[in-house]
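The values are calculated or read from the model by the stated rules, or taken from the named source; none is laboratory data. Here the structure is a predicted model, which is why all the values come from computation and not from measurement. Here the Cβ positions follow ideal geometry from the backbone for every residue, glycine too, while neighbour counts run over all protein chains shown.
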Amino acid sequence: MKKKILVTGGAGFIGSHLCERLLNEGHEVYALDNFFTGSKENVLHLIKNPYFELIRHDVTMPFFIETDEIYNLACPASPVHYQHNAIKTIKTSVMGAINMLGLAKRKNARILQASTSEVYGDPKIHPQPEEYWGHVNPIGIRSCYDEGKRVAETLFMDYHRQNKVRIKIVRIFNTYGPRMHPNDGRVVSNFIVQALQNKDITIYGDGTQTRSFQYVDDLVEGMIRMMQNTPENYVGPVNIGNPGEFTMLELAEKVIQLTGSKSKLTFLPLPSDDPLQRKPDISEAKKMLDWEPKIHLEEGLIKTINYFKTVV
Ligand code: NAD
Ligand code: UDP
């Protein structure tokens, strides 16, 4: 059945891939974005599709449209961007959630929140299962993002319990792929851009901290399964991530090798509150979504490197 689907943050990195996939499935897609970190270029290839609409709007303001499903992705995701205007970041998560939940309630639409592994903070349990409540600094430089996303989860659960809004929550772990912003400061884009330009690869700290990187297509598949294939009463939260865990030193070596770069490593101070390790426990996603990531780091990096070759 053709559905009317609203994607907030639809002109961003993940949002643009999600819009593309939903259009390919034959749905009508509205991408709402204020173009803070997203861009028209990210969705330029979709504009000619008559079932696609790009709407300039800020989710901190109410918005009304006929819709069957809402994917709420609007929020800058990289530390450089979300710390640029910390107050705006937390407003986007909190007021954006309230406005989109209000719309879902009014239209009886199903709504999915793009939450994050950052709700686990600097985790004391490894790997992180959904039951873990996290270890988040409420007053640090990452708090505008982490706590904003935690409040958004609370709002989703309360609208569900109190107003029977049809919600789904996914907790997304570090994701990479084509259309990442080249200057957003995230590790995969930084390393690839630096390697392609034969510049020093910037390792923060000693590079032994770990992350688990998932390719964007795997994430989009997981999000759509959560929205479309789970029972109405199953709301999550569910982790969507790739359990392959790498140190930043390992990532740098892989990127240098795959690009054939002459770059050397340079070591810079570790930003405050930077989590030491992160890896999803995806048993829940396997059980409830019949999902697991398919694309290995090397394969995904090659696709991403090929994209960045066209933009840098
Ligand atoms: P992104 O910055 O590319 O996309 C965010 C989009 O939201 C951008 O297009 C931006 O312009 C838009 N936006 C920001 N504030 C807005 C506002 N007030 N009103 C309307 N639009 C606004 O980042 P992304 O990596 O595509 O992330 C998308 C979502 O996924 C975010 O909610 C992020 O928190 C979540 N997420 C991403 C990752 C990751 O590794 N990329 C990990 C966990 C969670
Ligand atoms: N990082 C790094 N060099 C960079 C950018 C990031 O070593 O040029 C590190 C960063 O300190 C963190 C990890 O890479 O430990 C992942 O950073 P990113 O900003 O991509 O994601 P997040 O910290 O939000 O998981």
| message | Looking only at residues that are more than 28 Å from R166 (Cβ to Cβ) and either among the polar types (S, T, N, Q) or within 14 Å of ligand 1 (Cβ to nearest atom) (or both) in region 138-151, which one is surrounded by the fewest Cβ atoms within 10 Å (Cβ to Cβ)? | response | S143
| query | Within region 165-176, is there a residue that is within 16 Å of ligand 2 (Cβ to nearest atom), within 19 Å of L258 (Cα to Cα) and touching a strand residue (DSSP E or B) at 6+ places or on another chain (Cβ under 6 Å)? | reply | yes
| query | Does L23 satisfy the condition of being away from ligand 1 (no atom under 14 Å from the Cβ), among the aliphatic types (A, V, I, L, M), without any contact (Cβ under 8 Å) to a residue 40 or more places away in the chain and not in a strand (DSSP E or B)? | reply | yes
| Do we have I55 as assigned to a strand (DSSP E or B), modelled with pLDDT of 95 or more and surrounded by fewer than 23 Cβ atoms within 10 Å (Cβ to Cβ) here? | yes
| Among (1) closer than 30 Å to R166 by Cα; (2) assigned to a loop (DSSP other than H, G, I, E, B); (3) in contact with a Pro (Cβ under 9 Å, 6 or more places away or on another chain) - the single one N239 does not satisfy | (2)
| message | Take residues that are more than 25 Å from H84 (Cα to Cα) and tell me which of the strands (runs of 3 or more DSSP E) falling wholly in region 133-218 contain 2 or more. | response | 166-172
| Does region 111-121 contain at least one residue that is outside any strand (DSSP E or B), buried (at least 24 other Cβ atoms within 10 Å of the Cβ) and among the acidic types (D, E)? | yes
| field | Matching option when the condition is farther than 28 Å from A97 by Cβ, within 21 Å of the chain's Cα centre (by Cα) and of a type in the set (S, T, Y), among T210, T202 | value | T210
| query | Looking at region 122-137, which of the residues that are of a type in the set (D, E, K, R) and surrounded by fewer than 14 Cβ atoms within 10 Å (Cβ to Cβ) is farthest from M100 (Cα to Cα)? | reply | K124
| field | Options T154, T175, T202: the member that is polar (S, T, N, Q) and surrounded by fewer than 16 Cβ atoms within 10 Å (Cβ to Cβ) | value | T154
| message | Test of understanding: among V187, V235, which residue is within 15 Å of ligand 1 (Cβ to nearest atom), surrounded by 19 or more Cβ atoms within 10 Å (Cβ to Cβ) and not hydroxyl-bearing (S, T, Y)? | response | V187
| A77 vs. criteria crowded, with 19+ Cβ neighbours inside 10 Å, more than 23 Å from Y204 (Cα to Cα) and within 11 Å of ligand 1 (Cβ to nearest atom) | no
| said: Quick check on my filter: what residues within region 250-296 are buried (at least 16 other Cβ atoms within 10 Å of the Cβ), assigned to a helix (DSSP H, G or I), of a type outside the set (D, E, K, R) and out of contact with any helix residue (DSSP H, G or I) (no Cβ under 7 Å at 6 or more places or on another chain)? | reply: M288
| task | Go through the residues of region 137-155 one by one and say whether even a single one is over 15 Å from the mean Cα position of the chain (by Cα), within 16 Å of ligand 2 (Cβ to nearest atom) and among the aliphatic types (A, V, I, L, M). | result | yes
| request: State whether the residues of region 33-41 include one that is over 22 Å from S189 (Cα atoms), without any contact (Cβ under 8 Å) to a residue 24 or more places away in the chain and more than 16 Å from ligand 2 (Cβ to nearest atom). | output: no
